Amino acid sequence: MNNTILNQDSEQIVSNIDFKPLSNATIFITGATGLIGTQLISSLSYLRKLGINFTVYFQHYSPLPTHIKNLTYKFNPIKTDLSDFNYYRELPTADFIIHAAGYAQPSMFMAEPEKTLSINSTTTGALLNKLNKGGKFLFISSSELYSGLNKPLLKESDIGKTTPSHPRATYIEGKRLGETYINVFRQKGVDAKSARVSLGYGPGVKMNDKRVMSNLIDKALQKGQIELLDQGKAIRTYCYVTDIVEMLWSILLYGKESVYNVGGISKITIEELANKIGDRLDVPVILPKNKKGIPGSPDMVNIDLSKVRSEFGKNDFVDFDTGLDRTINWHKNLC
């Protein structure tokens, strides 16, 4: 069932982009078992069925889940820890590289600060050196770079105000260093770009994903109730993963700028999200008496998408309720 969901999503992604530049190319994707990595691999698998020929290498650290195994026939897996620099000699050169590896869940990147910093920074530089001449590179950065700003709309020219002592510093500063590597290589004539992704959701997550939406769905399915860590007043703008991956492929293949915001247009509080999930799964939502929360979590995330929308004509986004229903179905099939 979950592979059916991925195939349907991939059909949507592929229908909106000209993938001819990938023909007969070598493609390397890191972080293939993550949310974004899964959908990137799934879209390549779908393209292969359409008759486009290419060679795919994909890196993973954790064991391959079943849905990835089912997608990667005649793809080349590389199991390695990208925070260990000894991996470098094992990696292939490629015409297209997407660096999507690294912890995206706050609880995990805060628990693994050294790995988080390394994978986003020095690993990015190492991977850029694996790009074939004339190739294209995409670094998956994050809207966390805007942390500390109190603005209604965050543009690519903005930069955050957090310090190296911030609870999420290794993630924020690692992404900032990764973007620095991108710009250093651009100065050398390399076609490299960064995509500051904000709050992707949808099919492709693994069991026990700790990001807010996944955590709320899992609580509902496994515990029969949703207990929030705080009052749920923080505002989030979510983006369904097919929209994210569509924008990422467009940036990699056709983008002209060094950095792009990538995110959605829906706005919802955490409490409203919990209530939507509770209504769909018929479980109660419980607000705590005492606020806990995750240290350093922003109150609101709202990025300006005018660059990616104007350059690639991105105007249609998956309706949030539709995306949420598909995400809940994905989690049901994981259980």
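The values are calculated or read from the model by the stated rules, or taken from the named source; none is laboratory data. Note that the structure is predicted; figures quoted are calculated from it, not measured. Quick reminder, even Gly has a Cβ in these numbers, built from the backbone with ideal geometry, and neighbours come from all protein chains shown. Only protein heavy atoms, including side chains, enter the accessible area calculation; ligands, DNA and RNA are left aside. Shrake-Rupley method; radii C 1.70, N 1.55, O 1.52, S 1.80 Å.
Some values worked out for this structure:
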| read-out | value |
| --- | --- |
| Accessible area per residue, Å², the chain with all protein chains present, probe 1.4 Å | 44 Å² |
| Kirkwood-based Rg to Rh ratio, segment 6-63, C-alpha trace | 0.96 |
| Other-chain or far-sequence residues with amide H under 5 Å of Q59's (modelled H) | I29, T30, G31, A32, I78 |
| Residue-by-residue Karplus 3J(HN,Hα) for segment 253-264, coefficients 6.51, -1.76, 1.60, Hz, glycine and proline x | 7, 10, x, 10, 8, 7, 8, 9, 7, 9, x, x |
| Local electrostatic count, A220, Cβ distance below 13 Å [Lys/Arg +1, Asp/Glu -1] | +1 |
| Two-site label geometry, T93 and D316: point separation in nm, points 7 Å out along Cα→Cβ | 4.0 nm |
| Modelled FRET efficiency - R0 41 Å, K69 with S157, Cβ distances, 0.05 increments | 0.45 |
| Kirkwood Rh (inverse of mean 1/r, distinct Cα pairs), segment 144-230, angstrom | 16.0 Å |
| F85/T55 FRET efficiency (R0 22 Å; Cβ-Cβ; nearest 0.05) | 0.30 |
| Karplus (6.51, -1.76, 1.60) ³J(HN,Hα), θ = phi - 60°, over segment 320-330, in Hz, Gly and Pro reported as x | 4, 5, 5, x, 5, 4, 5, 5, 4, 4, 4 |
| Mean Cβ count within 10 Å, highest first, over the residues of peptides 125-133, 244-252, 258-266, 109-117 | 244-252, 258-266, 109-117, 125-133 |
| Restraint check, K136/K193; K20/K155; K130/K314; K130/K155, Cα-Cα greater than 19 Å | K20/K155; K130/K314; K130/K155 |
| Nitroxide proxy distance, nm - points 7 Å out along Cα→Cβ at K133 and N183 | 2.8 nm |
| Theoretical gain in end-to-end length, E257 to M300 [0.36 nm per residue, Cα-Cα removed] | 12.9 nm |
| Apportionment of accessible area to carbon and sulfur, the chain, percent (1.4 Å) | 49 percent |
| Linear extension gain, M1 paired with D282, 0.36 nm per residue minus alpha-carbon span | 98.9 nm |
| Environment charge at I265 (Cβ cut-off 13 Å; Lys +1, Arg +1, Asp -1, Glu -1) | 0 |
| In nm, spacing of pseudo-spin labels at N150 and I235 (7 Å Cα→C-beta vector) | 1.4 nm |
